[in-house]
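Everything on this sheet refers to the single structure shown next.
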Amino acid sequence: MNVSWSILFAAVLVLTVALKLWLSARQMRFVLRNAGAVPAQFAATIGLADHQRAAAYTIAKQRLGMAETALGALVFVGLTWGGGLQWLADALPGRTGSGFFFDLAFVAGAGALLALLDLPLEWIRSFRVEARFGFNRMSQAMFFADALKSALVGCALGLPVVAVVLLLMRAGGPAWWLAAWLFWSVFSLLLGVAYPWLIAPLFNRFTPLVEGPLYSRIGALLARTGFRSNGVYTMDGSRRSSHGNAYFTGLGAAKRIVFYDTLVARLGAEEIEAVLAHELGHFRLHHVAKRIGSGLAASLAWLALLGWLQTQAWFAPSLGVVLAPGLPANGLLLVLFALVMPMFSFVLAPLRSALSRKHEFEADAFAAQHASAQSLVQALVKLYQDNAATLTPDPLHSAFYDSHPPASIRIDRLLARAHAASA
Ligand SMILES: [Zn+2]
């Protein structure tokens, strides 16, 4: 029977929630314990008040994260064994019939419900946590306009993709998931090309870096690292938040390096050059291609698993949903899979973070080679300070969640390179 599977799913849910709450508690304890003094490496540049503001901000974010974890578990139980999805499955056929549109409406309905439940948490994040520390610059109107835009983009992109996958599942065959994977691979590559000029501009204004002192300073850097000079943009991040950042996006000819305007305003020319060199490192060292490659490999594994689950009659009943005879089960399968998989894959988070941190170290080394390591250190310290990023993360929490190396380790390595270069 499916009781043993129910017990397994319940056990994994409890373990995942316990692990996440424990990691958050560790992070809060560790940050609090180290809030009394600025770490030695930063003592000359970051004041105690800023250090303690970072600690308070980290703890506020952890509290929200813990509430999110607990609510997420409640929503999961409510949708599965609590009867939420069963209700949807019973209510829909009267409107959609019992064919393909039932499947599609099931996925759309569950997706809309999850997005709606997420909205209050996002509101609290912006208008309670971020606002309390002076980071939020969004008005209420802008917040809801963004939510509406995201929902429309989600529908425009998500519904056709789900429809194609559902049609492939319906067509069946022993390897429908292989066809679905090919479709998904092509779609995500096209999205990677289209994202910077089709979707990102819906939310922000992007301006190519124009001729001027800064432009001529970094022109040589771009030339010797082989990057098209019109691929560097500034973005009006200050419309929503005073957090500063820089990132690499897009594929092929559409690839871009994006600086937040907040970062450009805060850093000196030499520091911007060093940050740019770091981002160019990601490009030159093929980190984007590697990330896409491992993402596609992972989606092949997930889809193969989905293909197997489609043949397993115990799966949906063990999660508390039984469809009326004659109803197609593909939409339900997709929704349950999307709910269950993150619980199982959370244990892989340290692997993802470790790979990302390896890339960050490599990009730092590249930056130290092509620009000034000392300037990159100065830029990072300013960013840690402005973003109220903790300098003293709990090592275990960091191993699960942080895509970037802890501040002190990253700075130490860069300083070692700077000293090696000047010796
Ligand atoms: Zn990086």
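Does anyone have the angle between helix 48-79 and the longest principal axis of the chain? Alpha-carbon axes, 0 to 90°, nearest 10? So the helix axis and the longest Cα principal axis differ by about 10 degrees. Summarising the overall dimensions of region 141-227 from its C-alpha atoms, the Rg and Dmax are 19.9, 61 angstrom.
When the chain is treated as a Gaussian network with alpha carbon springs shorter than 10 Å, the biggest mean-square fluctuation among 394, 402, 90 belongs to 90. Of the cross-linked pairs 61/255; 149/290; 61/290; 20/358; 149/382; 290/382, those separated by over 28 Å at the C-alpha level are 61/255; 149/290; 61/290; 149/382; 290/382. In a simple Cβ point-charge model (Lys, Arg +1; Asp, Glu -1; nothing else charged), region 283-423 has a dipole of about 300 debye relative to its Cα centre.
For region 282-373, the spread of Cα positions along the three principal axes, ordered from largest to smallest, is 67, 20, 15 Å. In units of the compact-protein estimate 2.2 N^0.38 Å, region 1-121 shows a Cα radius of gyration of 1.60. Helix 100-124 and the longest principal axis of the Cα set of the chain meet at an angle near 40°. Its residues counted as N, region 213-294 yields a C-alpha radius of gyration over 2.2 N^0.38 Å of 1.09. Within the listed set 281, 154, 320, the residue fluctuating most in the Gaussian network model of the chain (springs between alpha-carbon atoms under 10 angstrom) is 154.
Positive-end ranking of 298, 200, 48 along the dipole of the chain, with charges on Cβ about the Cα centre, is headed by 48.
Here the dipole of the chain is about 320 debye; that uses its Cα centre as origin and unit charges on the Cβ of Lys and Arg (positive) and Asp and Glu (negative). Expressed in units of 2.2 N^0.38 Å, where N is the residue count, the Cα radius of gyration of the chain is 1.09.
Would you kindly give the portion of the calculated P(r) for region 78-119 that falls above 12 Å, as a percent of all Cα pairs?
Details: 510 of 861 pairs.
More than 12 Å apart: 59 percent of the Cα pairs in region 78-119.
How do 81, 197, 22, 314 rank by accessible surface area computed with a 1.4 Å probe, from largest to smallest?
Heavy-atom accessible area, descending, gives 197, 22, 81, 314.
Specify the angular offset, from 0 to 90 degrees and rounded to the nearest 10, of the alpha carbon long axis of helix 330-345 from the longest principal axis of the alpha carbons in the chain. The helix 330-345 is inclined about 40 degrees to the chain.
The values are calculated or read from the model by the stated rules, or taken from the named source; none is laboratory data. Note that this is a predicted model, so its numbers are computed, not measured. Counting neighbours? That spans all protein chains shown, and the Cβs are built from the backbone with ideal geometry, glycine included. Areas reflect the complete protein model, heavy atoms only, side chains present, ligands, DNA and RNA absent. Shrake-Rupley method; radii C 1.70, N 1.55, O 1.52, S 1.80 Å.
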